[in-house]
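Okay, structure first, notes after.
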Amino acid sequence: MKPNIGLAEEQVQTTCKLLNQLLADEIALYTHTRNCHWNVTGPAFSVLHKFFEGQYEELSTITDDVAERIRMLGGIAEGTLAAAAAASRLPDPKDETGAMKMVLGLLNDHESVIRTVRGQISQVNDTFKDAGTADFLTGLMQAHEKMAWMLRAHL
């Protein structure tokens, strides 16, 4: 049964498409963070290993929240690895052999997500008239801003 929440089908489809792209980015960022957690080495190993764990746990929650927002709107969350690989706008990490390269790579990914989400908030609110998703995206942007700040503090 489709939700009867005051949004036209076209609004819902367009918002869910936007959210599914964001879901792909979140899955890619989660995987990138997990990979850094597994492979970090050097003098900061202990601190960064634990730090990356906290970040991927938060990203796991964010990923689930994005998928659930899509479902709340009546869409299908496209959360397979193949769908994420095809739709993610984040670059595949290359040559991250040092701890600080890992931190910088993750920071770049978070900042990319922040810029994308910042641009989508007004579009979702003003064009699609979906204040609930705009509010959701604002909270998501703030979570990424905090994670980016924490990463920046390591540089």
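A few notes on this one:
- Just so you know, in the range 1-34 the residues that are part of a helix (DSSP H, G or I) and basic (Lys, Arg) include one that is surrounded by the most Cβ atoms within 10 Å (Cβ to Cβ), and it is 34.
- Pairs are defined by a Cβ separation below 9 Å, a sequence spacing of at least 6 or placement on different chains, a first member in the range 1-16 that is free of Cβ contacts under 8 Å to residues at least 24 places away in the same chain and over 14 Å from residue 132 (Cα atoms), and a second member that is surrounded by 15 or more Cβ atoms within 10 Å (Cβ to Cβ) and among the small types (Gly, Ala, Ser); the pairs so defined are 1/74; 9/74.
- The number of residues in the range 103-155 that are small (Gly, Ala, Ser) and either under 14 Å from residue 25 (Cα atoms) or crowded, with 18+ Cβ neighbours inside 10 Å (or both) comes to 5.
- The set of residues in the range 62-89 that are in a loop (DSSP other than H, G, I, E, B), surrounded by fewer than 20 Cβ atoms within 10 Å (Cβ to Cβ) and under 13 Å from the mean Cα position of the chain (by Cα) comprises 79, 89.
- Unique residue being part of a helix (DSSP H, G or I), buried (at least 20 other Cβ atoms within 10 Å of the Cβ) and in contact with an Asp or Glu (Cβ under 9 Å, 6 or more places away or on another chain) when the list is 59, 48: 59
- Candidate set from the range 35-45 (those that are assigned to a helix (DSSP H, G or I) and of a type outside the set (S, T, N, Q)); member that is farthest from the chain's Cα centre (by Cα): 45
- Restricted to the range 97-138, and to residues there that are of a type in the set (Gly, Ala, Ser) and assigned to a helix (DSSP H, G or I), the residue that is farthest from residue 19 (Cα to Cα) is 99.
Listed here are the residues, each with its yes/no results for (1) touching a Pro at 6+ places or on another chain (Cβ under 6 Å); (2) modelled with pLDDT under 95; (3) among the basic types (Lys, Arg).
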site	(1), (2), (3)
85	no, yes, no
94	no, yes, yes
97	no, yes, no
104	no, no, no
123	no, yes, no
136	no, no, no
147	no, no, no
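- Residue that is farthest from residue 34 (Cα to Cα), among those in the range 96-155 that are free of Cβ contacts under 8 Å to residues at least 12 places away in the same chain and among the acidic types (Asp, Glu): 126
The values are calculated or read from the model by the stated rules, or taken from the named source; none is laboratory data. The model shown is predicted, which means the values in this text are computed figures rather than measured ones. Using ideal geometry, Cβ is built from the backbone for each residue, glycine included, and neighbour counts are taken over all protein chains shown.
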